[in-house]
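Data first, discussion second: the structure below is written as structure tokens.
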Amino acid sequence: MGRKVLIVGGVAGGASAAARLRRLDEDATIILFEREAHISIANCGLPYYIGDTIRERERLLVQTPEAMQKRFKIDVRTESEVVAVDPERKRVRVRSNERGEYEESYDALILAPGAKPIRPPLPGIKSSRIFTLRHIEDTDRIKQQVTVRKASSAIVVGGGFIGVEMAENLRQIGLEVTLVEGTSQILAPFDPEMANQLAKEMEQHGINLLLSRMVQGFRDLDNGIEVTLSDGTVLTGDLVILAIGVAPDTDFLKNSGIELGPRGHIRVNERLETNWPDIYAVGDAIEVVDFVNGRPTAIPLAGPANKQGRIAADHIVGRNQPYKGTQGTFVIKVFGLTGASTGNNEKQLKQQGIPYHVTYVHPNNHASYYPGASPISLKLLFHREDGRILGAQAVGAEGVDKRIDVIATLMRLKGTVYDLTELELAYAPPYSSAKDPVNMAGYTAVNILEGLTDVFVPEELQTRDPKTTLLVDVRSPAEHAAGHISGSINIPVDELRDRLAELDPSREIWVYCQVGLRGYTASRILMQRGYRVRNLTGGYKTYLAAQYSPGKIPAGQPK
Ligand code: FAD
């Protein structure tokens, strides 16, 4: 008789654990419990089904219980909720419509119950016009509102990735969409100046963005729903999508003796074992170690959940593969732009007290002379002492995912900015440049690390003292006339060598150009002439992105 393994949860973590386990152990008895009617659904695809990009519902069902049984000999029990775990007796209690309540014993147990949308106890929260999105049934309900009930307006609450994807997809099918977010930016994995570029894209596609506003309550109307915000604004719409985050779906473990973190996440070691032998846990429900800063965190993403499922199965059959932490590598489509990030952002590095440098570059996705090139804004964060890469964020129309994936790979291998300069990446004009954007980010970072240039970020302009510093725009007069940072004088880089007399050497010279490159050249000229110089990393373009304030201009208006 082989070992008996029970798995709770049949989507990303649970289903991948089940398949891996079977491939490693043909004799095991594997029972997979899923509370809902479907397993292995493509939750990541749900918003795109609502937006009609994915047209056939069946395509969201990656695996069926029958196929799982046939291919992997897995006893899949849908509509079966595990309501309690008894680690002492090695049993779980199951509630099923078909079989009633019963117990099942195990030799090993994998918990993969995922995370559920948060529904705060606000007035009116029980309204039938408020929808959350996790399962295929949620999608069906929203789809019905839009297609059968002909909803024409939606209020999306929450600017995380599900909220943003839902806003885009509802807009794509013609709804008037307002997105309300409590903090001052959308998409928390990004720093504000990067998120602003995506916010602007949303606004330019007609999404009404309301930031720094909390929802206070909901009220059903005869023909819609009213949403009251903290600043007194009252919105009305046909439906509300509530996407303010997720909480681990671990209520059934509360009295089990399985250790949970402060927000209910299951605590595991690097073997993904809980505090009980033979009980493993994976996916959105667990606490993980942040790969960059080593602190406990929770990162609800599909990639980590799938990998953890595989690793837990490995451990059950005695294969020793540690889980080394989660980087949070993330990508999102926002209308015509893509945003992606990996590792820690500035907010996290500051919180953890990790000393870092930042550099921005804005190269084209491929050779500028090849038709269709478009710029990528790439932000790189690296350790002040050894140049270890700590995080990266990018926004652009094309080629963003590839650059973040390259950097994410290097980070996994504990790479530094020096490694970035050495990467030899595939190049031909339609795809990249001989110096790829990630090489460029590496070059600028090494220049900073080695003291060839000193940089400043837009934020520092707020505390600049004009008595001791001089701000110089080294772009052309035409560029300067079209818009510049207030308080700056204009000396184009090509004239700089002849106009040194205009610069007071007792003051520190702060130069800037459009994207940082001419500023760097200017800073090198001046440094070699004995000036103390700093260059605005990312240039005026990054400055504008940092200044941008979403929600100030009515949606749909050009900015
Ligand atoms: P889940 O996928 O949530 O699966 C857990 C399952 O366990 C659920 O089906 C639940 O019903 C079941 N369950 C829970 N408790 C019990 C119980 N007691 N008994 C029986 N069954 C139980 N991630 C990305 O990386 N990229 C994306 O683009 C992306 N897009 C997303 C879009 C949406 C709309 C959503 C909802 C999620 C998205 N995610 C995305 C997140 C990703 O889907 C999750 O990180 C991943 O599914 C987590 O896998 P999991 O197995 O831990 O949990």
Whole-Å distance linking the alpha carbon centroid of the range 434-505 with that of the range 233-289 is 47
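Using the Kirkwood formula over every pair of different C-alpha atoms, what hydrodynamic radius in Å results for the chain? The partial results should precede the final answer.
Values: mean 1/r = 0.0386 Å⁻¹.
Answer for the chain: a Kirkwood hydrodynamic radius of 25.9 Å.
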Residue 528 paired with residue 497, simple spin-label distance in nm, labels 7 Å along Cα-to-beta-carbon:
0.8
Work out, step by step, the length gained on full extension between residue 99 and residue 214: first 0.36 nm times the residue separation, then minus their alpha carbon distance; give nm to one decimal.
37.0 nm
Relative contact order of the chain (C-alpha contacts under 8 Å, at least 6 apart) in percent is 12
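Rounded to the nearest 0.05, what FRET efficiency is calculated for residue 504 and residue 481 with R0 set to 35 Å and r the Cβ-Cβ distance? Display every interim value, and only then the final one.
On the way: r = 24 Å, r/R0 = 0.69.
Computed FRET efficiency for residue 504 and residue 481 comes out at 0.90.
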Table column - 3J(HN,Hα) (Hz), the range 484-491, Karplus curve with 6.51, -1.76, 1.60, x for Gly and Pro
8, 6, 5, x, 9, 9, 10, 10
Cα gyration tensor shape for the range 319-398, rounded if a/c is under 1.5, else prolate or oblate
prolate
Quick check: residue separation of residue 324 and residue 61 times 0.36 nm, minus the Cα distance between them. What number comes out in nm?
91.7 nm
Cross-link list 73/116; 347/402; 150/200; 350/541; 467/541; 379/402: which exceed 18 angstrom alpha carbon to alpha carbon?
73/116; 347/402; 150/200; 350/541; 467/541
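Just to be sure I understand: of the beta bridges DSSP finds with both ends in the chain, what percent are antiparallel, rounded to 5?
Numbers: 56 of 99 bridges.
Expressed as a percentage, antiparallel bridges in the chain total about 55.
With a ≥ b ≥ c taken as the square roots of the eigenvalues of the C-alpha gyration tensor of the range 401-559, please select rounded if a/c is under 1.5 and otherwise prolate if a/b is larger than b/c or oblate if it is not?
Values: a/c = 1.92, a/b = 1.29, b/c = 1.48.
Oblate, because a/c is 1.5 or more while a/b does not exceed b/c.
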What does the accessible area of residue 44 come to, in Å² to the nearest 10, when a probe of 1.4 Å is used?
90
Run the numbers for residue 270 and residue 490: contour at 0.36 nm per residue of separation, minus the present Cα-Cα distance, in nm.
73.6 nm
I want to check the label-to-label distance for residue 549 and residue 27. Put each point 7 Å from Cα in the C-beta direction and report it in nm to one decimal.
7.1
Given charges of +1 on the Cβ of Lys and Arg and -1 on the Cβ of Asp and Glu, with all other atoms neutral, how large is the dipole of the range 370-493 about its Cα centre, in debye to the nearest 20?
120
So what J values fall out for the range 76-92 if you push phi through Karplus, 6.51 cos²θ - 1.76 cosθ + 1.60 with θ = phi - 60°, rounded to Hz, Gly and Pro as x?
8, 10, 7, 6, 10, 9, 7, 9, 7, 10, 10, x, 5, 8, 6, 9, 10
Angle between the chain longest axis and helix 136-147 axis [Cα atoms, degrees, rounded to 10]:
70
Point-to-point label distance, residue 150-residue 370, nm (Cα→Cβ direction, 7 Å offset)
4.9
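Rounded to the nearest 5, what % of DSSP beta bridges with both residues in the range 430-559 are antiparallel?
Numbers: 0 of 12 bridges.
Percentage antiparallel, nearest 5: 0.
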When Lys and Arg each count +1 and Asp and Glu each count -1, what net charge do the other residues less than 12 Å away from residue 47, Cβ to Cβ, add up to?
0
Given unit charges at Cβ for Lys, Arg (+) and Asp, Glu (-), the dipole magnitude of the chain about its Cα centre in debye, nearest 20, is 180
Can you bin the range 110-239 into rounded, prolate or oblate? Criterion: square roots of the alpha carbon gyration tensor eigenvalues sorted a ≥ b ≥ c, rounded for a/c under 1.5, prolate for a/b above b/c, oblate for the rest.
rounded
So if the hydrodynamic radius of the range 1-107 is defined as the Kirkwood radius over C-alpha pairs, what does Stokes-Einstein give as its diffusion coefficient at 25 °C and 0.890 mPa s, in µm² per second?
167
Long-range amide H contacts for residue 288: which residues qualify at under 5 Å (H placed 1.01 Å from N, peptide plane, sequence gap of 5 or more or a different chain)?
297, 298, 299
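The values are calculated or read from the model by the stated rules, or taken from the named source; none is laboratory data. If you're wondering where the values come from, they're calculated on a predicted model, not measured in any experiment. For neighbour counting, all protein chains shown are included, and Cβ atoms are generated from backbone atoms with ideal geometry for every residue, glycine included. Heads up: the accessible areas ignore ligands, DNA and RNA and are worked out on the full protein's heavy atoms, side chains in. Shrake-Rupley method; radii C 1.70, N 1.55, O 1.52, S 1.80 Å.
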